[in-house]
Amino acid sequence: MLLSALFFVVCFACLTLVRSAFYPAALPLSVRSPYLQCYADTLAGDNTNDQWPQFWTESRILGWSGWIRIDGSTFQLWGQSGTTTNLTSFEVTPTRTVFSIHANTTNVNVTFLSPIEPSNLVLQSLPFSYVYIDVESNDGQEHSIQLYSDISAEWISGDSNSLAEWSTTRTDSSTIHKAARQTPLFMQEINSLAEDATVYYAFLISNDATYETGNDTVVRGDFIENGALFDSVDTKFRAISDHFVVFGHAINLSNITNTASSVVWAVGLVRDPVINLYSTSANNNRSSYFWTEYNTVSDAIDFFLSDFSNARQRAIDLDDKIVSDARQVSDNYADLVTLAARQALAVDITVSKDSEGQWNTSDVMTFMKDVGNSRRVNPVEILYAAFPVYLYFNTTWAEYLLEPLLQYQQSSQYTKTYAAPDLGSSYPSAEGNDGPSIFGAIEDSGNMLIMSWAHARFSGDSTLITRYYNLYKRWADYLVSVTLDPNGYTDADGLDNANMTNLAIKGIIGIKAMSEISQALGKSQDAETYSSTAKSYVEQWQISAGSTGHLLSTYGPTADSSSWSLVYNLFADKLLGTALVDSSIYTNQDTFYSHEADTSGVFGIQYDSSVANEAKSHWTMFAAGASNDTTVRDTLISLVHTKAGSNVSAGVFPLTYNPNNGSTISGQASPGQGAMFSLMALSLQNKTVGDGSSSNNDQTSSSGSSKAGAIAGGVVGGLAALTLLIFGFFMCRRRQRRTQDMYNQRSGWSSSTSDTPFCMGIFRKRKSPERESNNIDPILSESVIPQPYDPYGSYGTQHSLQPLRPGQQYASVESYAEAGQRLGKRGQPIILSSPTSDPTAAASTTAFGSSSASRSGGSDSDTTGQLRNEVENLRREMEEMRARSQYEPPPQYA
């Protein structure tokens with residue numbers, strides 16, 4: 001009797017879904033791009049696996065089902081058309097969703113895997129995901145097992161009346177079904193689905209595998225009846241909803257107690273091209289990056305299926321790392337990054353072709369759709385929200401998202417003095433946006449400056465800030481003129497109140513970011529100007545907005561002293577380490593948030609006192625990242641966790657929702673949920689900013705030891721250069737001759753025509769428009785551009801030969817090594833300047849820091865003393881480098 005009761009309890013447990021505290025409204029199944037988005041609704045409660053998967057809109061079924069046949073009886077594993085099974089539990093990881101199912105005499109795990117490949121751009125850009133099945137007998141006996149899965153043509157259009165066509169092909173290793181509209185609509189969508197996409201469903205060839213296409217009831221009926229399909233193809237093309245056509249695969253596992261290996265399918269949605277980019281040329285279409293590796297989709301699918309075991313292990317390892325990192329904060333936080341990861345990375349990674357039709361792998365751009373809100377292309381405020389996830393996984397990916405915005409706004413097609421909010425409103429056509437209203441100017445300009453400096457700071461790559469410096473400067477100057485008096489401007493959420501506190505601090509931090517950009521590029525005068533402006537502004541802002549003990553929603557003479565805001569833009573101050581805002585402001589805000597959380601809705605705090613019943617998950621997480629109080633931080637996290645882990649209302653993890661009842665308002669499935677990674681981004685290590693020529697984080701850098709050897713060689717070369725420099729200097733002091741013709745041939749140089757000593761005049765900077773445009777000279781520069789970390793020996797940022805003055809930077813030994821090589825080969829003296837952003841100062845400054853007037857009249861003893869100082873400074877630099885090398889490896893890209 002006791003054994004019978006125990007057996008009943010065990011069986012009941014197997015038949016009941018094990019609920020956890022985290023029960024999202026939608027579980028990600030296949031999420032890889034803006035249009036490859038498939039989710040499982042949990043609103044049905046315990047029958048989640050017995051529902052049809054849905055597109056993110058919740059208004060479009062994506063026909064996708066799986067079946068198991070056990071000893072002649074067939075059961076549905078997922079989908080909605082057969083004998084149901086019992087979902088005993090589910091698990092969500094950053095890359096996988098696992099259904100644990102009790103099906104008669106078997107326990108079945110169905111795993112949906114959407115890979116995240118931080119170290120391989122080809123793999124990350126593949127628009128495919130896996131579903132795989134593992135079966136185990138639950139009674140210890142062998143059973144005859146057959147498995148089946150299919151998809152429908154509903155994936156290819158938002159209009160079920162559109163005509164579809166399909167085919168089945170077999171490669172050496174795979175059987176591949178594909179379907180598309182008979183007449184694709186180029187770069188168009190219906191009900192948010194792409195109308196120019198081809199869906200693929202693939203399975204590995206084996207003697208026990210069969211396939212079939214046709215009417216859903218016929219194909220599934222064949223499996224139910226026979227446990228196999230007939231390797232036949234329906235050739236009657238028709239509307240998607242006309243006797244729904246499905247594309248099925250089946251396999252006979254025979255009599256087993258468990259599967260020896262997983263049974264795997266690949267599903268994908270391919271569009272080519274994926275983006276139509278603004279351009280004045282005829283070739284303005286861009287394709288997915290994976291085409292650089294594979295000539296055909298079949299080739300890509302064959303690889304994808306063959307790589308499954310490795311891909312699964314990479315996914316497990318990555319999941320473990322992400323969750324481990326997140327749990328350093330809290331278990332609740334780990335749940336949030338787990339749910340957000342696939343959603344945040346669903347973008348299109350693209351590449352162009354060169355004039356000869358070859359893939360230009362140096363031209364990589366990534367495009368983000370404003371999923372859940374609109375069809376805007378690379379919406380800046382959503383990109384800003386998502387930025388932490390890209391910094392966390394691979395900072396180079398962040399560059400790829402910024403590049404199309406920057407390139408467009410530096411072109412003649414864009415004429416505004418402030419940043420654009422997006423690249424257009426008709427994804428996937430990125431036609432640009434040259435008519436943005438001025439209302440979002442502060443928000444967008446601040447966002448772009450903050451993101452660009454964050455990318456440089458955490459990657460060590462100054463490619464963007466160097467290439468687009470003048471563009472950044474234009475935006476920063478605009479912010480200087482309007483930030484403290486933001487009247488007539490809107491924030492990221494469309495609020496247009498006068499003097500918004502949160503908007504003003506965004507602009508101020510943007511100005512400070514510009515200061516950091518200038519400093520990194522050796523433009524010390526710009527750096528000082530922007531830094532002092534930001535400091536002055538933040539002091540005024542703190543007095544005006546924080547005088548009541550907490551930050552007001554708006555400030556000024558007519559401000560409501562009881563107003564308040566979730567000042568999430570303070571997160572940028574923490575992320576960039578700018579330390580602009582006084583610690584007392586953070587303390588006061590923590591106290592205030594703690595009070596608000598006690599009286600808020602169960603699902604969150606409204607993001608501004610002027611907006612009732614709207615909470616923002618992404619901004620709440622930024623506010624948590626800005627908190628100095630772990631209790632307050634964890635409280636804010638728990639509020640978002642309550643919403644994310646609740647299925648009280650339909651919708652894929654939204655940005656905006658009602659804090660009282662949890663109902664979704666907007667931003668379903670938005671990549672802006674990359675904000676969940678905000679706290680992990682705060683733990684990233686900033687790097688010394690180089691010039692970015694070796695910035696691809698997908699590549700493995702050379703070993704530190706080899707670089708150390710190159711650095712040592714640079715030191716030797718530098719000493720030789722300096723010795724010859726001294727000798728050359730005194731020789732030319734005696735000769736006082738005029739410039740030789742050979743130096744007139746050097747780019748950007750001219751000989752002096754004055755009575756200035758030859759060694760000074762010969763290397764005087766000649767003002768040429770070409771040189772002034774990029775501020776670079778071979779030897780003497782107005783503004784020294786930091787050098788990349790090169791596997792063959794270049795290292796660090798450039799140093800001056802003379803004692804530093806405020807705002808100057810040291811140069812690397814590499815500079816001296818190059819000088820020594822040039823000197824040894826050409827017999828030419830080398831003079832290095834100190835960096836400055838003042839054109840006047842640059843024109844009259846030499847390695848010795850004196851004007852042309854003082855040079856002509858200076859004494860030999862003064863010069864000798866200066867040279868001795870230079871030698872001593874260089875020796876001290878070398879000693880410091882040796883000391884550092886004992887404790888710190890050379891900077892390198894991950």
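Show me the ranking of peptides 490-499, 266-275 by mean Cβ neighbours inside 10 Å, starting with the highest.
With the highest mean Cβ count within 10 Å placed first, the list reads 266-275, 490-499.
Mind ranking 80-86, 575-581, 130-136 by how tightly packed they are, going by the mean number of other C-beta atoms within 10 angstrom, highest first?
Output ranking for 80-86, 575-581, 130-136: 130-136, 575-581, 80-86.
Which order do the peptides 304-314, 50-60, 615-625 come out in when sorted by mean C-beta neighbours inside 10 angstrom, highest first?
The peptides rank, most packed first, as 615-625, 50-60, 304-314.
Over 32 Å between Cα atoms: which of Lys416/Lys535; Lys416/Lys523; Lys523/Lys616; Lys353/Lys616 fall into that group?
Details: Lys416/Lys535 27 Å; Lys416/Lys523 24 Å; Lys523/Lys616 39 Å; Lys353/Lys616 40 Å.
Too far apart for the 32 Å limit: Lys523/Lys616; Lys353/Lys616.
Just to confirm a number: summing +1 for Lys and Arg and -1 for Asp and Glu over residues other than Asn661 whose beta-carbon lies under 13 angstrom from that of Asn661, what do you get? Let's see the in-between values first.
On the way: positive: Lys643; negative: Glu614.
With Lys, Arg at +1 and Asp, Glu at -1, the neighbours total 0.
Can you classify the range 330-681 as rounded, prolate or oblate using the Cα gyration tensor, where a ≥ b ≥ c are the square roots of its eigenvalues, rounded means a/c under 1.5, and otherwise it's prolate if a/b beats b/c and oblate if not?
Oblate, because a/c is 1.5 or more while a/b does not exceed b/c.
Which trypsin sites (Lys or Arg not before Pro) in the range 137-191 sit in a loop by DSSP (not H, G, I, E or B) and have at most 16 other Cβ atoms within 10 Å of their own Cβ?
none
What does the charge count near Ser600 come to, summing +1 for each Lys or Arg and -1 for each Asp or Glu among other residues with Cβ under 14 Å from its Cβ?
Values: positive: Lys616, Lys643; negative: Glu596, Asp598, Asp608, Glu614.
Net of charged neighbours comes to -2.
Can you sort Ile190, Ile251 from fewest to most other Cβ atoms within 10 Å of each residue's own Cβ?
Placing the least packed residue first, the sequence is Ile190, Ile251.
Give me the distance between the Cα centres of the range 294-361 and the range 184-248, rounded to whole Å.
Each part reduced to its Cα centre gives a spacing of 26 Å.
The numbers here are math on the coordinates, done by the rules we state, and not lab data. Note that this is a predicted model, so its numbers are computed, not measured. All Cβ positions, glycine included, derive from the backbone under ideal geometry; neighbour counts span all protein chains shown.
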